[in-house]
Amino acid sequence: MPGLQRLDVALSDGEVALREWRAADVEAIVEPLNDPAIARWTRVPSPYTREDAVEFLARVDAGRATGEALSLAMVAPATGALVGSIALHVVSWEYRRGNIGYLVFPAARGRGLAPRAVRLLARWAFERADLARVGILTRVGNDASQRVAEKAGFTREGVLRAYMDEDMVSWSLVPADLS
């Protein structure tokens, strides 16, 4: 069975970079993940503690070990400062489908980093993981996340009713969309 590989080098477009998480990131993610918007729109625990961060990094390692998930830190290329998180989860190897999830820390919002990061990871998913489709699911009321999907070139497919205990908007990207 295929599996997602580790990044051999960080992915970057000059404005945002994606790299593997490090144990040293634990302290830096606790404060930004206590943002009320993150608590509202994601499944990140609230309040978010140092123990949550340690558990998160353990889940990152477990997902990487099975080849089913690749969770990455979003960083500013010039400084290396953490600006968010992004992940690719394989939904089906048989049909070569994956989903991307993302969040941007409060101090980095409004700079267009999330759409850039999503495009970087989607391109990697097509070229390096041989996926045929990448999806994004956003909560119906999460307009900011929907703008990210749209700006990243994803097509809005519709609303999946009661999909994850609530209505979710489905977005997709296929390799032909990148040309």
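Residue under question is Val83, and the condition is that it be in contact (Cβ under 8 Å) with a residue 12 or more places away in the chain and buried (at least 19 other Cβ atoms within 10 Å of the Cβ); does it hold?
Criteria met by Val83.
Of all the residues that make up the stretch 133-160, how many are surrounded by fewer than 14 Cβ atoms within 10 Å (Cβ to Cβ) and under 23 Å from Tyr95 (Cα atoms)?
Count: 4.
How about the stretch 86-119: which of its residues are free of Cβ contacts under 8 Å to residues at least 60 places away in the same chain, of a type in the set (Gly, Ala, Ser) and open to solvent by 30 Å² or more (accessible area, probe 1.4 Å)?
The answer is Gly101, Gly110.
Looking only at the stretch 40-52, which residues are open to solvent by less than 90 Å² (accessible area, probe 1.4 Å), more than 16 Å from the chain's Cα centre (by Cα) and of a type outside the set (S, T, N, Q)?
Listed by number, the residues that qualify are Pro45, Tyr48, Asp52.
Arg128 fails exactly one of the following numbered conditions: (1) closer than 28 Å to Glu27 by Cα; (2) out of contact with any Pro (no Cβ under 9 Å at 6 or more places or on another chain). What is the number of that condition?
For Arg128, the exception is condition (1).
Search the stretch 1-23 for residues being among the charged types (D, E, K, R), part of a loop (DSSP other than H, G, I, E, B) and out of contact with any helix residue (DSSP H, G or I) (no Cβ under 8 Å at 6 or more places or on another chain), and hand back the single one that is surrounded by the fewest Cβ atoms within 10 Å (Cβ to Cβ).
Here the answer is Asp8.
The values are calculated or read from the model by the stated rules, or taken from the named source; none is laboratory data. If you're wondering where the values come from, they're calculated on a predicted model, not measured in any experiment. With ideal geometry, Cβ positions are generated from the backbone for all residues, glycine too; neighbour counts draw on all protein chains shown. Surface accessibility is based on the protein's heavy atoms, side chains included, excluding ligands, DNA and RNA. Shrake-Rupley method; radii C 1.70, N 1.55, O 1.52, S 1.80 Å.
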